[in-house]
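Here is the structure we will look at.
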Amino acid sequence: MRVQQAIKTNRSIREFADQPVSREDMTAIVNAGRLAGSAKNKQPWHFVVVTRRETLAALSECGPWCGHLAGAAFAAVLVVEDLLMPRTLTTPFDLGRASQNMILAAWELGVASCMATIYEPDVARQACHIPGEMDVPWAISFGYPHPDADPRSRPPRTGGRVPLEEVVHWEEW
Ligand SMILES: Cc1cc2nc3c(=O)[nH]c(=O)nc-3n(C[C@H](O)[C@H](O)[C@H](O)COP(=O)(O)O)c2cc1C
């Protein structure tokens, strides 16, 4: 899959087929996150890969929109030492880059995904035995799309994008 095609066809999928992702493919996906560039090359991240059904169920209780984690083939839980320091917000930016790498690398393998914002980090820390001093701001569900939710056969009707002319300003505002 070409990068342009991956970008244009990828959408968040929250319903997954009951089919595991191979260890090799899971490794390739999180490795794409590891390879992302980061501010000052700090690579501030750890990724906890979760396949255990009971841990995924616990993670799905971490916020109002985390439910899709319960049915994922696996989740990558994003862990950083200090999310909001330095105050330049480079760490959230870095996590965005790593996440998008993982999402697109997965999509090339036919593996769909969806971000989850962790509103209850203590629940996530406990479920994954993450040390108390670490921040756990987001997780990503991964899995083969459920046939009823595959955007390649049934494009979503919501969540379109603002037209190019509205967001791109050539030469000046
Ligand atoms: C930082 C971030 C946090 C998100 N958190 C959630 C979430 O908690 N639950 C969820 O279902 N989707 C979450 N999403 C997915 C967005 O809702 C989704 O990307 C957006 O609606 C656009 O839809 P699309 O990805 O299908 O194009 C998140 C996305 C980002 C970038």
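The values are calculated or read from the model by the stated rules, or taken from the named source; none is laboratory data. Here the structure is a predicted model, which is why all the values come from computation and not from measurement. Reconstructed Cβ throughout: ideal geometry from the backbone, glycine too, with neighbour counts over all protein chains shown. Please note that ligands, DNA and RNA were not included when accessible areas were found on the heavy atoms of the full protein model with its side chains. Shrake-Rupley method; radii C 1.70, N 1.55, O 1.52, S 1.80 Å.
In the frame of its principal axes, region 1-95 has Cα extents of 40, 35, 24 Å, reported largest first. Once the 1.4 Å probe is applied to the protein heavy atoms, the chain comes out at 63 Å² accessible per residue. Computed over neighbours whose Cβ is under 10 Å from that of H146, the net charge equals -3, Lys and Arg +1, Asp and Glu -1. Here the dipole of region 12-117 is about 320 debye; that uses its Cα centre as origin and unit charges on the Cβ of Lys and Arg (positive) and Asp and Glu (negative).
Taken over the chain, the percentage of Cα pairs per 10 Å bin, counting from 0 up to the bin with the maximum distance, is 10, 36, 36, 15, 3, 0.
Simple rule: put +1 on each Lys or Arg Cβ and -1 on each Asp or Glu Cβ in region 3-156, find the dipole, and look at G71, H129, I13; the Cα lying farthest toward the positive end is I13. On the protein heavy atoms, probe 1.4 angstrom, tell me the percent of accessible surface of region 3-156 carried by carbon and sulfur. On region 3-156, the fraction of accessible area on carbon and sulfur atoms equals 52 percent.
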